[in-house]
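Working notes, beginning with the structure itself.
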Amino acid sequence: MSDKLVRTRYAPSPTGFMHVGNLRTALYEYLVAKSQGGKFILRIEDTDRERLVAGAVDFIYNTLRLAGLQHDEGPDIGGGFGPYVQSERKDMYLPYAEQLIREGKAYRCFCSKERLEKLQSETVGGGYDRHCRDLPQEEIDKNLADGVPYVIRQKMPVEGSTTFSDAVFGDITVENSELQDQILIKTDGYPTYNFANVIDDHTMGITHVVRGSEYLSSTPKYNLLYEAFGWEIPTYIHLPLIMGKDADGNVSKLSKRHGATGFYDLIDDGYLPQAIINYIALLGWCPKDNQEIFTLAELEKAFAIDGISKSPSVFDYDKLTWFNGEYIKAMTPEAFTEVAMPYYKEVFGDREMPWDKLAEILQKRVTKLTQIPDILDFFAALPEYDKSLFVNKKSKTNLDNAPVVLREAYERLKALPVWDNPSIHDCLIGMAKEKELKNGTVMWPVRIAAAGKTVTPGGAVEILDILGREEALQRLALGLEKLG
Ligand code: GLU
């Protein structure tokens, strides 16, 4: 490999929304380039017109932006190798195919659709019989003069084998007899997907082709095209499959039944883009040390092609959730409040709350943003609860001492001149000390009365503070009533 500038491309076909596999390809393309000081290019492969999905291109842009994968060249920002959309390059391909015809490496195939269909039904595997490969020149000329439609096919070698080297999967050899004379140009004069892909990669100066391992079997065909043109072959980097865990403990190709697989679906499930990216970076790549949490900038430094594994990686939602929790903990309270706000609104509507205090108690506990409404619901409205919740062995609370302790706490809190966290804290701790009670014996009944549930983010002090004096005292009074 020469030491020219590394150029990679993410070449999505806008045929749907970006899922975890697409995102990983984009990320690895980006990292292969950035880890070597290279350029990351975005090319839209819209050759298959029938498969296009409206809006898919916008999804690609938005996903890359949200993921922080800024391309250096692309349809929206240009660059010296444009256009970056295949449909805008459509006139570029035919001359290359004609060059191969002149060099005797490709030929016009005039076979009719009917003939090909008949052939397909008759031969096992449906291969093309290379009928037009060596047509006499007069016949070719006559067909052209008669305007018989044709495709252009590559003359594949009929003997021997083709070997190509993949940076991840190693050397792969296929028997040439297994390869068809592939179509390069269709009857309408436009390229097939495979042909356009190779011409684009070469003319855009792509040095590293990163893509899913489903393309491994097409790579000999790509390779033979590079050879036919005498072009330098790029470094192929095929990525391992991504699997999901099945209910029975086995794994199978990741799909919707394993959980959300679209980038936006994962975000809707409460995951942060950065956490998703960090986790996806490790789906098939292993750092030299055991570091797990990486910013994108750190990934750009640490990433190395030889750390990519060929064995399938398993998408583990629990592990992703762990990453997400770590990212949530590390956020500033302001950043957390911003991402939590849509979920806060579900609970509080337009009500203003002490957001910084909520962040303080939530960031430690929340591993997915979608958990927020359930965790917080008691702040908006005291749930119906049974007085049996007051009973707790560990804090030595029972239905006899709970009303006494709660009454005392209520009176003391009511008398507080200032309602804030330190005052509430000192008041309750002071009471425990004076009365020679365990702190828990005071805190438990207060927290139950304030929240109406046993599991809450934050303790009694934080909850009372956030509720505010009036609401807090009302709830404690209600607890006393319940206790009789
Ligand atoms: N357009 C192809 C896809 O979306 C990319 C193939 C390649 O990277 O060579 O899967």
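The values are calculated or read from the model by the stated rules, or taken from the named source; none is laboratory data. The structure displayed is predicted, hence computed values, not measured ones. Every residue, glycine as well, gets a Cβ built from its backbone with ideal geometry; the counts of neighbours run over all protein chains shown. For accessibility, only protein heavy atoms count, side chains too; no ligands or nucleic acids. Shrake-Rupley method; radii C 1.70, N 1.55, O 1.52, S 1.80 Å.
For this structure, a couple of remarks:
- Annotation: cysteines of the chain without a disulfide-compatible partner (Cβ-Cβ under 4.7 angstrom) are 111, 286, 427.
- Among 10-17, 428-435, 138-145, sorting by the average number of other beta carbon atoms lying within 10 angstrom of each residue, highest first, gives 10-17, 428-435, 138-145.
- With both labels modelled 7 Å from their Cα along Cα-to-Cβ, the residue 49 to residue 418 distance reads 7.4 nm.
- Relative contact order of segment 108-205, defined on C-alpha pairs under 8 angstrom at six or more residues apart (%): 24 percent
- Prolate/oblate/rounded call for segment 1-103, Cα gyration tensor, a/c under 1.5 rounded: oblate
- The heavy atoms of residue 246 offer some 30 square angstrom of accessible surface to a 1.4 angstrom probe.
- Count Lys and Arg as plus one, Asp and Glu as minus one, and take only other residues whose Cβ is under 12 Å from that of residue 482; the net charge is then -1.
- The residues 204, 92, sorted by heavy-atom accessible surface at 1.4 Å with ligands and nucleic acids left out, run 92, 204 from largest to smallest.
- Helix 20-34 vs. the chain, principal-axis angle (Cα, 0 to 90°, nearest 10): 80 degrees
- Proximal charge balance of residue 333 [Cβ under 13 Å; K/R count +1, D/E count -1]: -1
- With the simple spin-label model, which puts each label point 7 Å out from Cα in the Cβ direction, the residue 121 to residue 370 separation comes to 4.9 nm.
- The spacing between segment 230-278 and segment 418-464, judged by their C-alpha centroids, is 46 Å.
- 27 Å Cα-Cα threshold exceeded, pairs from 221/301; 90/310; 393/435; 34/245; 256/301: 221/301; 90/310; 34/245; 256/301
- In segment 343-484, the inverse of the mean reciprocal separation of distinct Cα atoms equals 15.4 Å; this is its Kirkwood hydrodynamic radius.
- Neighbour net charge for residue 429 - beta-carbon separation under 12 angstrom, K R +1, D E -1: +2
- Candidates per chymotrypsin sites (Phe, Trp or Tyr not before Pro) in segment 337-397, loop by DSSP, up to 10 other Cβ within 10 Å: none
- Contact order relative to length of the chain, as percent, for alpha carbon pairs under 8 angstrom and 6 or more apart: 12 percent
- Options 226, 36, 342, ranked by Cα towards positive dipole end of the chain, top entry (Cβ charges): 342
- When the Cα positions of 457, 359, 136 are compared along the charge dipole of the chain, 457 comes out farthest toward the positive end, with charges on each C-beta of Lys, Arg, Asp and Glu.
- Dipole check for the chain: with +1 at the C-beta of Lys and Arg, -1 at the C-beta of Asp and Glu, and the Cα centre as origin, the magnitude is about 1240 Debye.
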